[in-house]
1. Relative to the Cα centre, what is the charge dipole magnitude of the range 12-170, using +1 at the beta carbon of each Lys and Arg, -1 at the beta carbon of each Asp and Glu, and rounding to the nearest 20 debye?
2. Which Cα, out of V16, I62, V132, lies furthest along the positive dipole direction of the chain (beta carbon charges, K/R +1, D/E -1)?
3. Quick one: Cα convex hull volume of the range 1-128, Å³ per residue?
4. Return the distance in nm (one decimal) between the two label points of a simple spin-label model at K100 and Q54, each offset 7 Å from Cα along Cα→Cβ.
5. In whole Å and largest first, what semi-axes does the C-alpha gyration tensor of the range 46-192 yield when each eigenvalue is scaled by 5 and square-rooted?
6. Looking at the calculated P(r) for the range 1-66, what percent of the C-alpha pair distances fall above 14 Å?
7. Counting only heavy atoms of protein chains, what accessible area per residue, in Å², does the chain have with a probe of 1.4 Å?
8. Please report the spacing between the Cα centers of the range 5-64 and the range 131-192 in Å, no decimals.
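The values are calculated or read from the model by the stated rules, or taken from the named source; none is laboratory data. Model, not experiment: these values are computed from the prediction. Here the Cβ positions follow ideal geometry from the backbone for every residue, glycine too, while neighbour counts run over all protein chains shown. For accessibility, only protein heavy atoms count, side chains too; no ligands or nucleic acids. Shrake-Rupley method; radii C 1.70, N 1.55, O 1.52, S 1.80 Å.
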Amino acid sequence: MLLTIMPGPDIIYVLVQSITNGKKYGIATSLGLVTGIIIHTSLVAFGVSAIIKQSDYLFLAIKLLGALYLMYLAYLTYKSNEEVLLATKAEKKGLLKLFKQGFIMNVLNPKVSIFFLAFFPGFLFSETQSTVAQFYVLGALFMVQALLIFSVVSILSGNFAAYIKKHPTFNSKIKWFKILVFVGIAIFIVFS
């Protein structure tokens, strides 16, 4: 949930569509973005599951690479000058078009698959159940929480926009929050 709350292109796009066109347009965008997660979950589930069946050492290597990737994301966040900027104008689009655009945005973002590859192996919860099934459970949980958060953002879009505009220190606080989340998850993955 912390990862979904962090401002990024997806949540900002949902926020902009909600502010500009209305809540239901933000929710349509959210549904598209969340549906794209199925593709990434499938890629990771079948790819990583095959590797896990081959070797425990390869699985450990994936976990370590995943932790290093998350530390790298923390470093990039530290070095960046990220700002949450809200466009005041966005093209009015239909609900289906926004759903499709959200889906395509998510599916064509290779960072999502890389992130899931880094993130999900640390959260496998059973040694007896199929790893593919476990990845799909994790993917479904991620989808549900993302849809809930994106929907809340859509519904409260006006309040979020007003807060961001009134609080210039928001960007700095979010930057350090993101760094702590990335480092925390990396540590969890290594020691899980």
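1. Roughly 660 debye for the range 12-170.
2. V16
3. 117
4. Distance between label points: 3.8 nm.
5. Here the semi-axes work out to 32, 21, 13 Å.
6. Value for the range 1-66: 70 percent of Cα pairs lie more than 14 Å apart.
7. Here the per-residue accessible area is 56 Å².
8. First find each Cα centre; the distance between them is then 11 Å.
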